[in-house]
Each structure stands twice: as structure tokens, then as C-alpha cells.
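Contents: one structure, followed by commentary.
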Amino acid sequence: MNLSIVVPAYNEHENLLPLLEHLEKFVMMAPCQVEVIVVDDGSTDDTRARLETQSEQRPWLTPVSMLENGGMGAALKVGSARAHYPLVAWVMADRSDHLDDLLQMREHLLAGADLVVASRAAHGGNYGELGSVKAFGSRAFSAFARLMLGLPIYDSTNAYRIFRKELLDELELERDDFAISPEMVFAANARKKRIEQVPTTYSFRRRGVSNFKILRMGMIYLRLTIRAFLARLGRGE
């Protein structure tokens, strides 16, 4: 089955060319047809213009532009709606040097999974350099969500994933921000979808995420988990 890769991009001027080079290597070596949809999420730099220029040289690249910054989740949903292929992968702009994981993740889908998440907490994966409050919070939240909701995976916050395109329409996700990641896992789990994980290593660019923002992210994740847990109780599970 062929694959559509969706990448949200916000002010990626400096990272755009390395991103496209990594994606091109993957496109050339993949055992299937691959299209890449990069969604400019209302960037204030020249990301949009550079994407348009690069797409003229790369036939596998489709740039999509949002007039305003709608959030990571909104960009992912917009890009996924443009996908032509039955399998869709979400890849963050700072994760493009780990695309080899996608091949293994795709194999899990071909074997019957509905959603495959790249897990930093699974055996063989790790959080790379992210030995910080953010890493600790992500681990703690994912462990809490797994306990409360009976999740089959160890990492709920990583947006690096692959799924069958029809799944997105069925789940009817509401979040337009970073919290679309756990929301998707929770919704798929509630519908008894087959969710699997592949270990991955996380690398990232430091963008000065404050502890206040990390705390805010944690509170949003916590509210999502509690709401999903109450819904689970309502179903008598």
C-alpha cells in the first residue's frame, strides 16, 4: 500500500532544506509510492515561499498553506484530508532524521493494525537528549493514561505515527493543537481499534519551551485522560 506523509511546518525556514533532503531519501528508498504533504501552518517567515519553490523541483512534494496559524492538530488534519494514498503518516519537522522507523510501522499496518505509534518508552526506544521536565512529564502522563484507560502502548504524546486514512474520519478528532496526539490514541482505543507501537529514538531542536508551557500541556493532557476515563466508565468497561 502506498503512503502519504503529512508534515506540519511553522516557521521552518532554517530547517526546511534538511527536512526535504531527509524526506527525499526516504521517498527514493521506500518499497511503495510516497507523497509528502507539507502544511505551512501560517508561518510568519518565508517557509511558504520556500516550499512553493522546492515543490517545483520535487514532484513528490505537495505544499499546502494555511492563512493563519491554526495549530499542529489543525495542520495535520488539513494535510491528511489532502492525502491520496490509503496509509497516512504524521511526521514532525524535527523528526525527519528517523524516517527508517516508518518502514517497520508500515509493516504493522499491512499486518492488520489500524494505528501504529512510534514509542519512545517502548523497549528499545528512548527520549534522546530530552532529559528534562518535558521528558519526565511525557513519561508520567503516558504511564498514567495507560493505567487509567488500559492502553496497549507506552507513549501517548508522540505525534509520530502511521494509520489507515479512513481511521481519521471515523475518529472525528476535535483537537487542533498538540493534544491531537493522545486524543487520537484515546479515541482509537475506545473504538477497539488495533493499536501497536514501534520503538523509536527522539531527537529534537530546542526552541525554549518554558516550564509554564509544559505545565499547561500537562493539564490539557490530564483533562483529556479524565474525560476518556469517565467515558470508559459510562460504557461499563
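The values are calculated or read from the model by the stated rules, or taken from the named source; none is laboratory data. Because the structure is a prediction, the values reported are computed rather than measured. Positions of Cβ are generated from backbone atoms using ideal geometry, with glycine treated the same way; all protein chains shown enter the neighbour counts.
Couple of notes before you dig in:
- Taking the range 55-75 as the range and being within 16 Å of N11 (Cβ to Cβ) and surrounded by fewer than 18 Cβ atoms within 10 Å (Cβ to Cβ) as the test, the residues that pass are S65, L67, E68, N69.
- Selected residue [under 15 Å from S4 (Cα atoms), more than 14 Å from the chain's Cα centre (by Cα), surrounded by 19 or more Cβ atoms within 10 Å (Cβ to Cβ) and hydrophobic (A, V, I, L, M, F, W, C)] from A113, A89, A83: A83
- Some residue of the range 34-41 being under 17 Å from K165 (Cβ atoms), acidic (D, E) and at pLDDT 95 or above: yes
- Pairs with Cβ under 9 Å, 6+ apart, first in the range 53-80 and more than 15 Å from V6 (Cα to Cα) and in contact (Cβ under 8 Å) with a residue 12 or more places away in the chain, second polar (S, T, N, Q) and surrounded by fewer than 18 Cβ atoms within 10 Å (Cβ to Cβ): N69/T44
- S4 satisfies every condition listed in (1) out of contact with any helix residue (DSSP H, G or I) (no Cβ under 7 Å at 6 or more places or on another chain); (2) at pLDDT below 95 except (2).
For every residue, the table says whether it meets (1) touching a Gly at 6+ places or on another chain (Cβ under 9 Å); (2) in a loop (DSSP other than H, G, I, E, B).
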{"residue": "E14", "(1), (2)": "no, yes"}
{"residue": "P18", "(1), (2)": "no, no"}
{"residue": "L23", "(1), (2)": "no, no"}
{"residue": "V39", "(1), (2)": "yes, no"}
{"residue": "R50", "(1), (2)": "no, no"}
{"residue": "N69", "(1), (2)": "yes, yes"}
{"residue": "S80", "(1), (2)": "no, no"}
{"residue": "L103", "(1), (2)": "no, no"}
{"residue": "R106", "(1), (2)": "no, no"}
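- When the residues of the range 135-148 are filtered to those that are modelled with pLDDT under 90 and within 17 Å of the chain's Cα centre (by Cα), the one that is surrounded by the most Cβ atoms within 10 Å (Cβ to Cβ) is S138.
- Any hit, the range 202-223, residues being at negative phi, at pLDDT 95 or above and either in a helix (DSSP H, G or I) or hydrophobic (A, V, I, L, M, F, W, C) (or both): no
- Where a residue in the range 153-171 is closer than 12 Å to V91 by Cα and aromatic (F, W, Y) and its partner, wherever it lies, is modelled with pLDDT under 95 and surrounded by fewer than 24 Cβ atoms within 10 Å (Cβ to Cβ), with Cβ under 7 Å and at least six apart: Y160/M92; Y160/R95
- Within the range 159-194, the residues that satisfy the criterion of being surrounded by 21 or more Cβ atoms within 10 Å (Cβ to Cβ) and part of a strand (DSSP E or B) are R161, I162, F163.
- Of all residues in the range 31-47, those satisfying the criterion of being surrounded by 17 or more Cβ atoms within 10 Å (Cβ to Cβ) and either out of contact with any Phe, Trp or Tyr (no Cβ under 8 Å at 6 or more places or on another chain) or free of Cβ contacts under 8 Å to residues at least 12 places away in the same chain (or both) are I37, V38, V39.
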